[in-house]
Amino acid sequence: MDYFKALIDWRKNSSFFMLFLILIAAVTANYNNLKSTPDSLWYNNIDYVLLILLTIAPILVGAYIIFMRTYIPKAKKGKIGIVFCISYTEPQQYKTICDKFVRPFKKLINANHLNKYDVVIVNDFVAAKYYQRFEEYGKDAGLKFLKKSNCQILILGDCINGGEGEELFCKLNLTLGIIHPTLIQAMEQLLWHDISVAFSPLKKIVINKKTQTQDFESNADILQYVFKFILATTQLYCNNIEEATKLFLEIKSLPTFSNCPTIDQIKQTLDNRLGLCYFVFARQQYSLYQTSRDASYLQSALGAINMPYIKSIKYDVNVLKGICLFVLNRDVEGAINCMNTAERNDPILKFNKVFLKLYQNNSSTNINKAYYTYQSIDKLPQQTIEELERFIYDAYKQDEEKTQLLFLLSMIYNYLGNSVLAKYCYDIFYQKNPHIQSAPSLKAVLNFFNEEYKNIEYTDEEVQF
């Protein structure tokens, strides 16, 4: 009986031969029963309905064999598809891996996601065929396979079988491939380094016969941690910050039943990864504010900066925090404190401090300091100068009593070559602040500007401010 099952096993090429023999035997038996009569030759007695019935079953079985030998399951649309391709398994091993490893993994990753992920597994025959293609053609073959399965993640493995007299059930060597948007080379190298380190405990999974259920459960638990960490890391590198943050927070809340150094290492890095997510999110929100001037983006940025996880990263957020405090609350003291604790190598730092101190106190000392600071404005990138101009202009428009800000704008416009606008700002500043006109400490500064602009004239139509 076992020999007969082996012959008709769809995985084996002999199944086609057996199918052909069965078809010939059935048709031959039918033909042997045909006899010629005085009234009719034998071929006129063929029962075509019976012939079709005899041939249709082998044809259907043949179609089933071809289907099973070529079928690649597809993940459902709208879900994150994960396909397992584990080759060189025996039929019983394949079934056990599906039941005790893949299905528990699917249940674990979907526990809090309402089936956000769809996990599919190709059968052992197809897995072996494609595993050879992956080895021969590498990444291109993997991408084509993922496209056919409608998946974004490929978990590829080969199985080493244990012998009859061994305690070993199997060894699994897993690797992971993931589709992601194009990254710059340095970023892609960092991503694949993280994937390699995180996935290392799953490259050699040992399953023993006596403890196979426990072994599979433990490794399914490890796999969900590693998978979610890799997925979150990929989202982070691809700038999908909100999704990355959700995943890192989810990993942080997961219980673990596995005594695995890799899981401990992942948990130790989560605060840093979350801090990086909040930092990038804050920068994104600030960029949106720069484009739209919608203060709600700065509120979101400040919320991210105030998250405790951000303390674990090396990036300095104090300059951005100071900007948020000033724009949202006009908290000049708080903003100055942020600038005082910021890293000194930020080139915009001294310009921010000059602005804040002059905004707070329109004194001769602060005007003098602003003048000498702005002598080095050419060291700033052009984009930074334009952002600085826009920021000061907005601050002045929101409170036109702060005419000392026009002094800063006058120096910026002078540097940018807009002499008309520079003189216009300086004239208003000079007229609205008579107390500085006779200040001894400002004599050299005022004489410079009066000389600089003495031949410049403008009309109201020329000045759009």
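Identify, from the list Leu446, Leu421, Leu408, Leu442, the residue that is in contact (Cβ under 8 Å) with a residue 60 or more places away in the chain and part of a helix (DSSP H, G or I).
Criteria check complete, one pass: Leu442.
Quick test of your reading of the structure: Asp331 fulfils all but one of (1) touching a Leu at 6+ places or on another chain (Cβ under 6 Å); (2) open to solvent by less than 30 Å² (accessible area, probe 1.4 Å). Name the failing condition by number.
Of the numbered conditions (1) touching a Leu at 6+ places or on another chain (Cβ under 6 Å); (2) open to solvent by less than 30 Å² (accessible area, probe 1.4 Å), the odd one out for Asp331 is (2).
Among what's in segment 131-155 and is open to solvent by less than 30 Å² (accessible area, probe 1.4 Å) and at pLDDT 90 or above, pick the residue that is nearest to Asn208 (Cα to Cα).
Across segment 131-155, the extreme among qualifying residues is Ile155.
Could you tell me whether Asn368 is surrounded by fewer than 16 Cβ atoms within 10 Å (Cβ to Cβ), more than 23 Å from Cys324 (Cα to Cα) and without any contact (Cβ under 8 Å) to a residue 40 or more places away in the chain?
Judged against the criteria, Asn368 is not a match.
Name every residue in segment 103-127 that is surrounded by fewer than 20 Cβ atoms within 10 Å (Cβ to Cβ), under 20 Å from Asp221 (Cβ atoms) and of a type in the set (A, V, I, L, M), in order of residue number.
Scanning segment 103-127 gives Leu108, Ala111.
Could you tell me whether Ile336 is farther than 30 Å from Asp294 by Cβ and buried (at least 17 other Cβ atoms within 10 Å of the Cβ)?
Criteria not met by Ile336.
Can you say whether Ile97 is open to solvent by less than 10 Å² (accessible area, probe 1.4 Å) and either touching a strand residue (DSSP E or B) at 6+ places or on another chain (Cβ under 8 Å) or among the aromatic types (Phe, Trp, Tyr) (or both), as far as the supplied structure shows?
It is true that Ile97 is open to solvent by less than 10 Å² (accessible area, probe 1.4 Å) and either touching a strand residue (DSSP E or B) at 6+ places or on another chain (Cβ under 8 Å) or among the aromatic types (Phe, Trp, Tyr) (or both).
For (1) without any contact (Cβ under 8 Å) to a residue 12 or more places away in the chain; (2) surrounded by fewer than 11 Cβ atoms within 10 Å (Cβ to Cβ); (3) more than 55 Å from the chain's Cα centre (by Cα), each residue gets a yes or a no:
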{"residue": "Leu416", "(1), (2), (3)": "no, no, no"}
{"residue": "Cys425", "(1), (2), (3)": "no, no, no"}
{"residue": "Ile428", "(1), (2), (3)": "no, no, no"}
{"residue": "Asn433", "(1), (2), (3)": "no, no, no"}
{"residue": "Gln437", "(1), (2), (3)": "yes, no, yes"}
{"residue": "Glu451", "(1), (2), (3)": "yes, yes, yes"}
{"residue": "Tyr458", "(1), (2), (3)": "no, no, no"}
{"residue": "Val463", "(1), (2), (3)": "no, no, no"}
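Out of segment 111-130, which residues are more than 18 Å from Arg69 (Cα to Cα) and at pLDDT 90 or above?
Within segment 111-130, Tyr117, Asp118, Val119 meet the criteria.
The values are calculated or read from the model by the stated rules, or taken from the named source; none is laboratory data. Note that the structure is predicted; figures quoted are calculated from it, not measured. Here Cβ is always computed from backbone atoms with ideal geometry, including for glycine, and neighbour counts include all displayed protein chains. Accessible surface areas use protein heavy atoms only, side chains included; no ligands, DNA or RNA. Shrake-Rupley method; radii C 1.70, N 1.55, O 1.52, S 1.80 Å.
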